[in-house]
Amino acid sequence: MRKALVPVDGSSNSDRAVSHAAALAGINPAMEIVLLNVQPPADDWEVRSFLKKEEIEAMEESRGGDALQSARTLLDAAKARYTPLVLIGPIAETIARTALEQNCDGIVMGTRGLGAAASVLLGSVASKVIHLADVPVTLVK
């Protein structure tokens, strides 16, 4: 694999997927990792009525950056090459689309995330990604 998309949410399961991708990068030092956190769009009308669109996006990107932190620490320790991304949109669809847009050879992801409200990588999301992705998907338990 030359380029892998690794979607993360800051959970221990996504950290295991990052560790797996780092191990692959250790075998192939030329491998590049695209580290992705997808924030679901804010749907709460109360939030939308008090904050501007730009403020909501900044808040979501900040949360995404926080979710990337443990993964970045693991990849830095492994000296793996990576590019961090925070995107806003429907989670599974955004993961599958980003893999294509970034020319990734595969997706490496955990099977469970943080929970229904804050999750990026729920089991149902992993299942959706498998069906939507045009590249191989490796699930790390």
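Rule-based calculations on the coordinates, nothing more; no lab input. On a predicted model such as this, the values are computed, not experimentally measured, just so you know. So basically every Cβ, Gly included, is an ideal-geometry build from the backbone, and we count neighbours across all protein chains shown.
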Charge context of Gln102, other residues only, Cβ under 11 angstrom, K/R +1, D/E -1: -1
Using the Karplus curve 6.51 cos²θ - 1.76 cosθ + 1.60 with θ = phi - 60°, what ³J(HN,Hα) values do you get for each residue of segment 75-92, in whole Hz, with x for Gly and Pro? 6, 5, 5, 7, 6, 8, 7, 8, 10, x, 9, 10, 10, 10, x, x, 4, 4
Quick one: length gained pulling Gln69 to Arg81 fully straight, 0.36 nm per residue minus the C-alpha distance? 2.8 nm
Mean Cβ neighbour count within 10 Å, used as a protection proxy, ranking 71-84, 96-109, 2-15 highest first: 2-15, 96-109, 71-84
